[in-house]
Amino acid sequence: MRHINISTVDGKTNISFDTGLDPRAFARTKMSQSLIETGIVSYPDGSCEIWKPAGVNESNGLMSVWGPLFDSQRLDTFLEKTAELSVQTASKQAAQQAALQAVTFWIRAKMLLGDRKSASNPGAAFIRCEDGKTPGQKKGAVFFAPEHLSNRCLLTEGSETDRYNCPDLTGMETAAFCAGLMLYLILAGVHPYPAATIYQDMREGIFLPPHLAAAGLNKKMSELIFAALLLPVEKRRTAKSGSDILAGFLEILTDSENMVTGVSSLFDTLTTEESARLEKERKQFMFRQKTIVKTRRFVIHNKYAVIGVSAVLLFALFIFFSTTKSYSRRPTTEGMASDTVITAYYDAFSSLNHVFMEACVMGAGKDDINVAVSLFAVSKAREAYEYRNANAIIPARAWKENGGELPAPNVFGVTDLNIEYLAGGEEDDMIIYRTEYLMWSPTDDYSVKRSDVITLRRDRRKNWRITEILRTES
């Protein structure tokens, strides 16, 4: 039900504004102040006059404000009729032409009024598209209803959202945006912002470009509508002002005799190939835009969760790359002969270099490594607490080279190493050796004689690694 309409009060036809309020609510909300709010009528010759409410009427328990008749039709009814007819027929073309004429008159009226304030919602504008019965009632006149009163009535109609205006714009930019949106709806047959997130879409410029929504629409009109719809998007708006856009619309929509252009003249004839190309471009644009918008809005709406997940992922990547880098720097037995690996293993054992010992073994027992790790930890702890190296572990090889005096309580490691080949060979990727050596321990003053049977195999990188150690002591 329309709450702004032409009705009869006391036998007279007038424009009525049904507030949807009972007398008590009408008084409580101070809607009686609407009686001093004025509208404005703009005539095609540039003149205008003030429209004033004449009184208040109660009908069916609801209060209405009414005023002098302006023989015309609401602008939004033209637009709705165009949108309702989805199939291109004679009726559709006639509705498009009528709507185009009404919007052209509305644009001209806005231009004539300039910065003078007038209602922006098409539901609050009445367009005279035909000459009236009374002399002087020429077509092209536009009545802009009192803004506050009309907004109240449109809200009562159920129009909670003004689908033709962006609340961020003012002045001529408001009119230019509204004009561009209405022309888009007439020429493309669809609203540029059909989703419930209409204001967010307006602010972000989320719409199908006019040349894709209305295939064949001439370039100049497409560019003007595009510029109008980008006015709320600060980062994407063009250099055209609201006044420039409105003037551009009038230039295209009217001819030299000030007559409204036919809808068909706004479209260029397309070949089959051009139509197919535009359809393909339209589908690709919609898919790309839908993906980007969904992703961006998901991130915005879940920014704290995204930040948390991102932090965890970055930390995980840091650990991964740090670990990978650490492993890449670990020593290997690359380029070493099998007997050299054995010598290096015992030298690392004596110097408590457990990291290189790990590189030398592949599946062999870890007893030697565990001993080296434990003594390394003890040595570092003693150095930290005692602030001196007097009681630090002395490598057996260094001790012997310096004279090897007994007893040797702090000496650890291998001396007198002898390596004997037993079996295997390079071609078998397996070699067995026997080693004999003296093992010195920091807990004993004297050494222990050991004999190890050591098996080496090549790893996947063809490096020799110790896979088994069979040990006897005497």
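Each row is one residue, and each column tells you yes or no for (1) in contact with a helix residue (DSSP H, G or I) (Cβ under 8 Å, 6 or more places away or on another chain); (2) basic (Lys, Arg); (3) outside the structural domain of Ala348 (by TED's automatic domain parsing); (4) closer than 19 Å to Leu352 by Cα.
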| site | (1), (2), (3), (4) |
| --- | --- |
| Val414 | yes, no, no, yes |
| Ala423 | no, no, no, no |
| Ile432 | no, no, no, no |
| Trp440 | yes, no, no, yes |
| Arg461 | no, yes, no, no |
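If we keep just the residues of region 328-355 that are part of a helix (DSSP H, G or I) and charged (D, E, K, R), which is modelled with the lowest pLDDT?
Across region 328-355, the extreme among qualifying residues is Arg329.
Report, by residue number, each residue of region 230-259 that is over 13 Å from Met172 (Cα atoms), out of contact with any Ser or Thr (no Cβ under 9 Å at 6 or more places or on another chain) and of a type in the set (Ser, Thr, Tyr).
Once the filter is applied, which keeps residues that are over 13 Å from Met172 (Cα atoms), out of contact with any Ser or Thr (no Cβ under 9 Å at 6 or more places or on another chain) and of a type in the set (Ser, Thr, Tyr), region 230-259 yields Thr238, Ser256.
Does Glu251 qualify as being over 34 Å from the mean Cα position of the chain (by Cα) and either modelled with pLDDT of 90 or more or surrounded by 16 or more Cβ atoms within 10 Å (Cβ to Cβ) (or both)?
Against the criterion (over 34 Å from the mean Cα position of the chain (by Cα) and either modelled with pLDDT of 90 or more or surrounded by 16 or more Cβ atoms within 10 Å (Cβ to Cβ) (or both)), Glu251 qualifies.
Against the condition closer than 27 Å to Ala195 by Cβ and of a type in the set (S, T, N, Q), how does Thr261 come out, does it pass?
No: the conditions fail for Thr261.
Check region 324-341 and report whether any residue there is β-branched (Val, Ile, Thr), in contact with a Leu (Cβ under 8 Å, 6 or more places away or on another chain) and farther than 18 Å from Phe412 by Cβ.
Checking region 324-341: at least one residue is β-branched (Val, Ile, Thr), in contact with a Leu (Cβ under 8 Å, 6 or more places away or on another chain) and farther than 18 Å from Phe412 by Cβ.
Residue-by-condition table, conditions (1) in a loop (DSSP other than H, G, I, E, B); (2) more than 37 Å from the chain's Cα centre (by Cα); (3) among the acidic types (Asp, Glu); (4) at pLDDT below 95:
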residue	(1), (2), (3), (4)
Phe78	no, no, no, yes
Thr82	no, no, no, yes
Val87	yes, no, no, yes
Ala94	no, yes, no, yes
Ser120	yes, no, no, yes
Glu130	yes, yes, yes, yes
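Scanning region 219-248 for residues that are among the hydroxyl-bearing types (Ser, Thr, Tyr) and closer than 29 Å to Glu279 by Cβ, which turns out surrounded by the most Cβ atoms within 10 Å (Cβ to Cβ)?
Only one residue fits best here, namely Ser222.
Please find, within region 258-270, the residue that is modelled with the highest pLDDT out of those that are under 15 Å from Phe105 (Cβ atoms) and part of a loop (DSSP other than H, G, I, E, B).
Thr261
Could you please tell me which pairs satisfy a Cβ distance under 7 Å, a separation of 6+ or placement on different chains, a first residue in region 136-152 that is not assigned by TED's automatic domain parsing to the domain that holds Met259 and of a type in the set (Phe, Trp, Tyr), and a second residue that is assigned to a loop (DSSP other than H, G, I, E, B) and at pLDDT 90 or above?
Pairs that qualify, where the first residue is not assigned by TED's automatic domain parsing to the domain that holds Met259 and of a type in the set (Phe, Trp, Tyr) and the partner is assigned to a loop (DSSP other than H, G, I, E, B) and at pLDDT 90 or above, are Phe144/Ser118; Phe144/Ala119.
Can you name every one of the helices (runs of 4 or more DSSP H) wholly within region 150-254 that holds 1 or more residues which are of a type in the set (A, V, I, L, M) and touching a helix residue (DSSP H, G or I) at 6+ places or on another chain (Cβ under 7 Å)?
171-188, 210-213, 219-229, 242-253
Could you please let me know if Asn402 is more than 15 Å from Asn463 (Cα to Cα), over 59 Å from the mean Cα position of the chain (by Cα), surrounded by fewer than 18 Cβ atoms within 10 Å (Cβ to Cβ) and of a type in the set (S, T, N, Q)?
Answer is yes for this residue.
Is region 402-423 home to any residue that is touching a Cys at 6+ places or on another chain (Cβ under 6 Å) and touching a residue at least 12 places away in the same chain (Cβ under 8 Å)?
no
Have a look at Gly216, Gly171 and point out the one that is under 24 Å from Arg277 (Cα atoms), surrounded by fewer than 18 Cβ atoms within 10 Å (Cβ to Cβ), touching a residue at least 40 places away in the same chain (Cβ under 8 Å) and not assigned by TED's automatic domain parsing to the domain that holds Leu75.
None of the other options fit; the residue is Gly216.
When the residues of region 38-79 are filtered to those that are in contact with a strand residue (DSSP E or B) (Cβ under 9 Å, 6 or more places away or on another chain) and among the acidic types (Asp, Glu), which remaining residue is surrounded by the most Cβ atoms within 10 Å (Cβ to Cβ)?
The residue in question is Asp76.
If Thr170 passes every condition in (1) at pLDDT below 90; (2) over 21 Å from Leu79 (Cβ atoms); (3) not small (Gly, Ala, Ser) but one, which one does it miss?
Tallying (1) at pLDDT below 90; (2) over 21 Å from Leu79 (Cβ atoms); (3) not small (Gly, Ala, Ser), Thr170 fails exactly one: (1).
Quick check on this structure: which one of Thr174, Thr170, Thr197 is more than 20 Å from Gly242 (Cα to Cα) and either in contact with a Lys or Arg (Cβ under 8 Å, 6 or more places away or on another chain) or not hydrophobic (A, V, I, L, M, F, W, C) (or both)?
Thr197
Are any residues in region 405-423 surrounded by 14 or more Cβ atoms within 10 Å (Cβ to Cβ) and of a type outside the set (Ser, Thr, Tyr), and if so, which ones?
Listed by number, the residues that qualify are Ala408, Asn410, Val411, Phe412, Gly413, Val414, Leu417, Ile419.
Only one of (1) over 25 Å from Leu100 (Cβ atoms); (2) in contact (Cβ under 8 Å) with a residue 24 or more places away in the chain fails for Arg288. Which number is that?
Among (1) over 25 Å from Leu100 (Cβ atoms); (2) in contact (Cβ under 8 Å) with a residue 24 or more places away in the chain, Arg288 violates only (2).
The values are calculated or read from the model by the stated rules, or taken from the named source; none is laboratory data. Every value quoted in this text rests on a predicted model; they were computed, and no experiment measured them. As a convention, Cβ positions derive from the backbone with ideal geometry for all residues, glycine included, and neighbour counts pool all protein chains shown.
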